[in-house]
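> Here it is: the structure, laid out below.
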Amino acid sequence: MDAVKKEEKILYLECSSGISGDMTVGALLDLGASRERLEQALSSLGIGGYALHFGRTKKCGIEAFDFDVELTQPEGGHSHSHGQDHAHRNLQDIFAILDRLDAAQEVRGMARDMFTLVAEAESQAHGIPIGEVHFHEVGAIDSIIDIIGAAFCLHDLGISRVAVSPLSEGRGYVRCQHGVMPVPAPATANIAARCGLTLRLTENEGEMVTPTGAAIAAVFRTERELPAQYRIERIGLGAGKKDFPNANLLRAMILIPEKDPKEKEKLWVLESNLDDCSGEAFGFAMETLFEAGALDVWYTPAYMKKNRPAYQIHVLCGEEKREELEAVLFSCTTTIGIRRYPVERTALDREEKLVKTRYGAARVKLCHLSGGSRVYPEYESVRAICRETGLGFLEVYHAVLEDGTAECAPGQAGARADRG
C-alpha cells in the first residue's frame, strides 16, 4: 500500500544577529550538510588561491560552527588578508566559473540568482549598467565560495522550503571598496527593498547583514511565515566573525510542521456571476483552476439582471493560491469582477492508499475520525475497473468499499461518497 505524502520539512533561518555567507555555510554544515561533498564540488570550479577553514568556536559561551575562506595566493600572485585586494569580476566572469561547477542544476541556478540579484543591486546603487558592475568583495574568491557553498549545502540537505526571520541590522558605517558607506550598505538595502526582506535595527555598531547574506535570504526564502505548530528536528549554528554584546550566530533549524487537531483550516471562497460565458469556457476554467491548485470548484445556476439565466462560479482555495486563482478566473472566463470572503473548514485527516480488491488494485482515501476510520473509493480507480471488467459502477464501488474497509479499517462501517 502507498503511504500518504508527508508534509515537507522547513528550514528556518533565525537571523537575530544578521546573516552573511560564511555564517550560512557554517550553519548548514552544522545541520549535517556534507563537508566532503562540498569540498569536492568547490574543487571543480578550477580556481585557486584559497584554503577552507572548518572548525568550532564560541560566541557568548555558545559553541558554533566556524567556516571561513582563507586567501593564500590570489590571481595577482601576492598573498593578501581576508577581504582585501580581491580580483574584480563582472557577472559574465562569475557565470563562467559557475558553468564549471560539478553539482546539481538547482545549485547552479540558485547561485546564479544570488549573483544576479547582487549585480542588480550594485547597478542601482552606483548608477551604471549591470554589465559594467565589477563585484569587488562579492566577486572575490571568498564570496564566490560563500554563495556557491550556501546553495550546495541547502541542496545537500534535501530541503526545498525555507523560512527566514527579519534580518537584524546594525547602525553606523562600514568601509568597503567604494569608501565609507552607511549601514545597511546600499546593495544590501536595495536587495531588501526589491525582495521584500524585513530589516530590524539594533543598537549594535557595524554591518550585520552583508549583500551576500541578503541575497542568500532572498533566494532561499519560499515561506512567508512559519507553521502555527512544529517540532524542531535539528539545529545548526554558524558563527559570525565580529563580536557583539549578543551572540553573533546564525541559527538554522529544520522544522517538522504539525497540525493542531483543534485548529480550523482558514480558506477563501472566490465567486463570480457569469451570464455571457459559454459552457466550453466553464469546463476549461474548472480544469485550469484545479490544475493551478484550487481545493474545489463548483457552479450553481442563477438568474441575473434582465432575467438572464446564468451561473455562479465558486472556488475554494488557500491564502497562498488566492491571487493566482483570481488571475485564472480573469483569463479563463468573461468575468470583470470577483468577490472573495474567508471561510473556515474542519477537514478529516486523510491518506491515499493502494488496496487489494477482488477486482485488482484500487486507490482509496482513508479518512480518520475520532472514533475510527472510513474508506472512500477513488472515482478514477472504480471507473478503470468498470472499463476493464464491464461491470456496473455501483457494483464495483461497493466491492472496493468493502474490500478496502476490510484491509484498511477492520471493523469500520461504510462511507459516504461525497467529497466534503
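> For residues that are out of contact with any helix residue (DSSP H, G or I) (no Cβ under 8 Å at 6 or more places or on another chain) and part of a loop (DSSP other than H, G, I, E, B), scanning just region 342-375, find the one that is least open to solvent (accessible area, probe 1.4 Å).
Restricting to residues being out of contact with any helix residue (DSSP H, G or I) (no Cβ under 8 Å at 6 or more places or on another chain) and part of a loop (DSSP other than H, G, I, E, B), the top hit is Ala347.
> Mind checking whether some residue in region 324-337 is more than 18 Å from Leu274 (Cβ to Cβ) and in a helix (DSSP H, G or I)?
Within region 324-337, one or more residues are more than 18 Å from Leu274 (Cβ to Cβ) and in a helix (DSSP H, G or I).
> Considering each residue of region 391-405, count those that are more than 41 Å from the chain's Cα centre (by Cα) and within 17 Å of Leu354 (Cβ to Cβ), and give that number. Can you show your working first?
Let us first name the residues in region 391-405 that are more than 41 Å from the chain's Cα centre (by Cα), namely 391-396, 398-399.
So of that shortlist, the ones also within 17 Å of Leu354 (Cβ to Cβ) come out as 396, 399.
Qualifying residue count for the region: 2.
For every residue, the table says whether it meets (1) assigned to a helix (DSSP H, G or I); (2) open to solvent by 30 Å² or more (accessible area, probe 1.4 Å); (3) aliphatic (A, V, I, L, M); (4) over 18 Å from Leu11 (Cα atoms).
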position	(1), (2), (3), (4)
Arg194	yes, yes, no, yes
Leu197	no, no, yes, no
Arg200	no, yes, no, yes
Asn204	no, no, no, yes
Ala218	yes, no, yes, no
Lys242	no, yes, no, yes
Asn246	no, yes, no, yes
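> Quick one: is Gly293 over 19 Å from Pro309 (Cα atoms) and small (Gly, Ala, Ser)?
Details: over 19 Å from Pro309 (Cα atoms): yes; small (Gly, Ala, Ser): yes.
Taking the combined requirement at face value, the residue satisfies it.
> Restricting region 171-192 to residues that are modelled with pLDDT of 95 or more and either among the small types (Gly, Ala, Ser) or in a loop (DSSP other than H, G, I, E, B) (or both), which is least open to solvent (accessible area, probe 1.4 Å)?
Ala192
> Further question on the same structure: Considering each of Ala125, Ala111, Ala119 in turn, give the residue that is hydrophobic (A, V, I, L, M, F, W, C), modelled with pLDDT under 95 and in contact with a Leu (Cβ under 6 Å, 6 or more places away or on another chain). Reasoning before the result, please.
Details: Ala125 fails: in contact with a Leu (Cβ under 6 Å, 6 or more places away or on another chain); Ala111 fails: modelled with pLDDT under 95.
Exactly one of Ala125, Ala111, Ala119 is hydrophobic (A, V, I, L, M, F, W, C), modelled with pLDDT under 95 and in contact with a Leu (Cβ under 6 Å, 6 or more places away or on another chain), namely Ala119.
> Is it the case, given these coordinates, that Ile47 is touching a helix residue (DSSP H, G or I) at 6+ places or on another chain (Cβ under 6 Å) and either assigned to a loop (DSSP other than H, G, I, E, B) or modelled with pLDDT of 85 or more (or both)?
Taking the combined requirement at face value, the residue does not satisfy it.
> What number of residues within region 317-337 satisfy the criterion of being farther than 14 Å from Glu287 by Cα and open to solvent by less than 40 Å² (accessible area, probe 1.4 Å)?
Selection size over region 317-337: 6.
> Further, regarding this structure: Of everything in region 384-420 that's closer than 18 Å to Asp349 by Cβ, open to solvent by less than 60 Å² (accessible area, probe 1.4 Å) and part of a loop (DSSP other than H, G, I, E, B), which residue is modelled with the highest pLDDT?
Across region 384-420, the extreme among qualifying residues is Ala409.
> Name the single residue, out of those in region 286-305 being more than 13 Å from Asn273 (Cβ to Cβ) and assigned to a helix (DSSP H, G or I), that is most open to solvent (accessible area, probe 1.4 Å).
Only one residue fits best here, namely Glu291.
> What about Ser381, is it surrounded by 12 or more Cβ atoms within 10 Å (Cβ to Cβ), modelled with pLDDT of 90 or more, polar (S, T, N, Q) and closer than 30 Å to Leu316 by Cβ? Lay out the reasoning, then the answer.
Numbers: surrounded by 12 or more Cβ atoms within 10 Å (Cβ to Cβ): yes; modelled with pLDDT of 90 or more: yes; polar (S, T, N, Q): yes; closer than 30 Å to Leu316 by Cβ: yes.
When the stated conditions are applied, Ser381 passes them.
> Hey, can you tell me all the residues within region 210-232 that are closer than 15 Å to Ala252 by Cα and in contact with a Ser or Thr (Cβ under 6 Å, 6 or more places away or on another chain)?
Gly213, Ile216
> Assess whether Leu267 counts as being closer than 30 Å to Leu154 by Cβ, under 21 Å from the mean Cα position of the chain (by Cα) and open to solvent by less than 50 Å² (accessible area, probe 1.4 Å).
Against the criterion (closer than 30 Å to Leu154 by Cβ, under 21 Å from the mean Cα position of the chain (by Cα) and open to solvent by less than 50 Å² (accessible area, probe 1.4 Å)), Leu267 does not qualify.
> Of the residues in region 12-40, how many are touching a helix residue (DSSP H, G or I) at 6+ places or on another chain (Cβ under 7 Å), open to solvent by 10 Å² or more (accessible area, probe 1.4 Å) and either at pLDDT below 95 or of a type in the set (Ser, Thr, Tyr) (or both)?
Qualifying residue count, region 12-40: 2.
> May I pose another question? Could you check, for region 88-96, whether at least one of its residues is touching a Leu at 6+ places or on another chain (Cβ under 9 Å), of a type in the set (Lys, Arg) and either surrounded by 15 or more Cβ atoms within 10 Å (Cβ to Cβ) or at pLDDT below 90 (or both)?
No, because not a single residue in region 88-96 is touching a Leu at 6+ places or on another chain (Cβ under 9 Å), of a type in the set (Lys, Arg) and either surrounded by 15 or more Cβ atoms within 10 Å (Cβ to Cβ) or at pLDDT below 90 (or both).
The values are calculated or read from the model by the stated rules, or taken from the named source; none is laboratory data. Note that the coordinates shown come from a computational prediction; the quantities given were computed from them, not determined experimentally. Ideal geometry is used to build each Cβ from the backbone, glycine not excepted, and the neighbour counts take in all protein chains shown. We work out accessible area using only protein heavy atoms, side chains counted, and drop any ligands, DNA or RNA first. Shrake-Rupley method; radii C 1.70, N 1.55, O 1.52, S 1.80 Å.
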